[in-house]
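**Student:** One structure, pasted below without further comment.
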Amino acid sequence: MNTNKKYKDSVFTRYFSDEKKLRLLYNALENANYGEDIEVNIITLEDVLFMNQKNDICFTIDNKFKVCY
């Protein structure tokens, strides 16, 4: 059975493009407890020529740079 990985990619990207949801994901994966007072900056790189995303989600939190592919 073939799956459309691009579709799943876009669902993941769209869902976690919200700072609150991204902070919850980070807290769960890193066993952290960052609250709303910690800023999350979403930095998703895009390809200028082809208008495709270079990565799914890229962000900074507490001076840490994280990339999700």
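**Student:** Which condition breaks for D9 when tested against (1) among the acidic types (D, E); (2) surrounded by 10 or more Cβ atoms within 10 Å (Cβ to Cβ); (3) modelled with pLDDT of 85 or more?
**Tutor:** (3)
**Student:** Would you be able to tell me the number of residues in the range 34-58 that are at pLDDT below 90 and either of a type outside the set (V, I, T) or surrounded by 10 or more Cβ atoms within 10 Å (Cβ to Cβ) (or both)?
**Tutor:** Residues flagged as at pLDDT below 90 and either of a type outside the set (V, I, T) or surrounded by 10 or more Cβ atoms within 10 Å (Cβ to Cβ) (or both) within the range 34-58 amount to 16.
**Student:** Go through (1) surrounded by 13 or more Cβ atoms within 10 Å (Cβ to Cβ); (2) modelled with pLDDT of 85 or more for N31 and report which single condition fails.
**Tutor:** That leaves (1) as the condition not met.
The values are calculated or read from the model by the stated rules, or taken from the named source; none is laboratory data. Worth saying up front: this structure is predicted, and the values here are computed from it rather than measured. Neighbour counts run over all protein chains shown; Cβ positions are idealised from the backbone, glycine included.
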